[in-house]
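Okay, so here's the structure we're looking at.
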Amino acid sequence: MIIITAPAGQIGHQVLGNVLSSGEPIRVIVRNPSRLRAEARERVEVVQGSHGDIDVVDQAFAGADAVFWLVPPDPHANSAEAAYVDFTRPSCDAFKRHGVQRVVGISALGRRTVAARHAGLATASLAMDDLIASTGVSYRALAMPSFMDNLLRQVPAIKDRGVFVTPISGDRKLPSCATRDIAAAAARLLLDGSWSGAGHVAVLGPEDLSFNDMAQIMSEVLSQPVRYQQITGQALKDRLTGAGMSDAMAQATVDMMIAKDQGLDNAEPRTPESTTPTSFRQWCEEVLKPAVLA
C-alpha cells in the first residue's frame, strides 16, 4: 500500500499520476476529495482530513508500506519549526505504530553548509528530515533547490512589466528543477522496495543558471524583453506580510533566500543521478509561455 499526502497539490498530484498505473494499491490523504481528478478518485482509497492530524494518519497509515510525505504550505504558522517539525510529529508516531517501511519526503539542499544553520524554511525542512529518520523508518529526503514552477507566481509581472524579482544576486548561478522531475524521482523511490536506511536524493535539474541567465532565456522564449531585478530581503518580507503571511514565516522565507545567495544550494555535487532532464528553456517553452499567453 502506497500513501500519498497532498495529492491535489503542485507536486503531489504529479506523484499520484505517476504511480496510478503501477497496479499498487494507493491511499491518499486529502482535505477536499473533490480536488482530485476523476480518474484518481476512481482508482484510490481516500482518507479525508489533514496529515497533521493524528487520527487521520492513524487511519491512513494502517497497512502502509510506503508514504510520500510533503508538508503543505502554512503561511500563517507561528514559526518555520511549527510548520514543518511540529506538523510532522503525529505522522512520525504513526510511522512507528503501523510499521511503515519507507518514507519519501520533500526537503531542501544544504545540509552540510554553514548557510543551512540560519536558512529559515530550509533549516526547518532539514530538522523535519532528522525527526523522520529518528523513527527508524527507511527515509529518502528529496533535496531540492528552488522550483522552476515557483516563477509562475510572478507571471503577471513578467507579462505586464517584463520583470521578475527575488533577493538573490542576479549573477549567482544556482541549480533549479521542474516539479515534474521531482514527482518522477519520488514515484521511482515509492515503487522501489529495495532501498533501506536514511539518506537524501538531490534533484538538481540539468544546469546551474543565474537569474540573469534565466531572464535571457525567458526573453528568447517569450519573444519579449524580460529582466531580473534583485530586491532587498525587507522588500520581499513586506510583500509577503502584505499578502497575509505571518511575520515569522515571511522572515523564514527571506532567511532561506539569503542562505541561497550565500551558497546553500551550491554545495551538493552534481552527479548523473541528481541531474534531472527538464531544462529551464524546455520548462519555459512548455509551462511558462502558455501561462503568460493565457
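Against the chain, whose longest principal axis comes from its Cα atoms, helix 247-261 is set at around 70 degrees.
Listed by chain and number, the lysines whose alpha-carbon sits under 19 Å from that of Lys237, ignoring those within fewer than 8 places in the same chain, are Lys260. When only the Cβ of Lys, Arg, Asp and Glu is charged (+1, +1, -1, -1), the dipole of the chain relative to its Cα centre reaches about 240 debye.
When the helices in the chain are scored as -39500 (n - 2.57) per DSSP H run of 4 or longer and the sum is shared across all residues, what 222 nm value do you end up with, to the nearest 500 deg cm²/dmol? Mind dumping the intermediate values first?
Working: 12 runs with 112 residues, N = 294.
That calculation yields -11000 deg cm²/dmol at 222 nm.
What range in the chain is the longest one free of GluC sites (Glu not before Pro) that are in a loop by DSSP and have at most 16 other Cβ atoms within 10 angstrom? Please report the intermediate quantities before stating the final value.
Details: sites that count: Glu207, Glu273.
The segment 1-206 is the longest one with no such site.
Of all DSSP beta bridges located in segment 110-260, what percent are antiparallel, nearest 5?
Values: 2 of 13 bridges.
Given both bridge residues lie in segment 110-260, the antiparallel proportion sits at roughly 15 percent.
Sites listed here are chymotrypsin sites (Phe, Trp or Tyr not before Pro) in segment 29-96 whose DSSP assignment is loop and whose Cβ has at most 13 other Cβ atoms within 10 Å, and the list is empty.
Candidates Ile4, Val44, Ser79 compared by Cα position along the dipole of segment 1-84: farthest toward the positive end lies Val44, with charges placed on Cβ.
About its Cα centre, the dipole of segment 88-183 is roughly 100 debye, where the only charges are +1 on Lys and Arg Cβ and -1 on Asp and Glu Cβ.
When the accessible area of the chain is split by element with a 1.4 Å probe, what percent falls to carbon and sulfur? Each step should come with its number before you reach the end.
Details: 6340 of 12950 Å².
Carbon plus sulfur share of accessible area: 49 percent.
Between 0 and 90 degrees, rounded to the nearest ten: what's the tilt of helix 121-133 against the longest Cα principal axis of the chain? Between helix and principal axis, roughly 20 degrees. Mind checking the dipole of segment 191-293: about its Cα centre, +1 per Lys or Arg Cβ, -1 per Asp or Glu Cβ, Debye to the nearest 20? Computed charge dipole of segment 191-293: roughly 300 debye.
When DSSP beta bridges are limited to those with both residues in segment 1-103, what percentage is antiparallel, rounded to the nearest 5? Working shown, then result.
Details: 0 of 13 bridges.
For segment 1-103, the DSSP antiparallel bridge percentage is about 0.
Of the residues Ser194, Ile168, Val226, the one whose Cα sits farthest toward the positive end of the charge dipole of segment 156-294, with +1 on the Cβ of Lys and Arg and -1 on the Cβ of Asp and Glu, is Val226.
Taking a ≥ b ≥ c as the square roots of the eigenvalues of the Cα gyration tensor of the chain, is the shape rounded (a/c under 1.5), prolate (a/b larger than b/c) or oblate?
Details: a/c = 1.66, a/b = 1.47, b/c = 1.13.
The shape class here is prolate.
Enter the accessible area per residue of the chain (Å², integer; probe 1.4 Å; all protein chains in place).
On the way: 12950 Å² over 294 residues.
Accessible surface, normalised per residue, equals 44 Å².
Most simply put, the chain has about 5% antiparallel DSSP beta bridges, counting only bridges with both residues inside it. Against the chain, whose longest principal axis is taken from its Cα atoms, helix 87-98 shows a tilt of about 30°.
The values are calculated or read from the model by the stated rules, or taken from the named source; none is laboratory data. Computed from a predicted model, the values in this text were never measured in an experiment. Here Cβ is always computed from backbone atoms with ideal geometry, including for glycine, and neighbour counts include all displayed protein chains. To get the accessible areas, we keep the full protein, side chains included, count just its heavy atoms, and leave off ligands, DNA and RNA. Shrake-Rupley method; radii C 1.70, N 1.55, O 1.52, S 1.80 Å.
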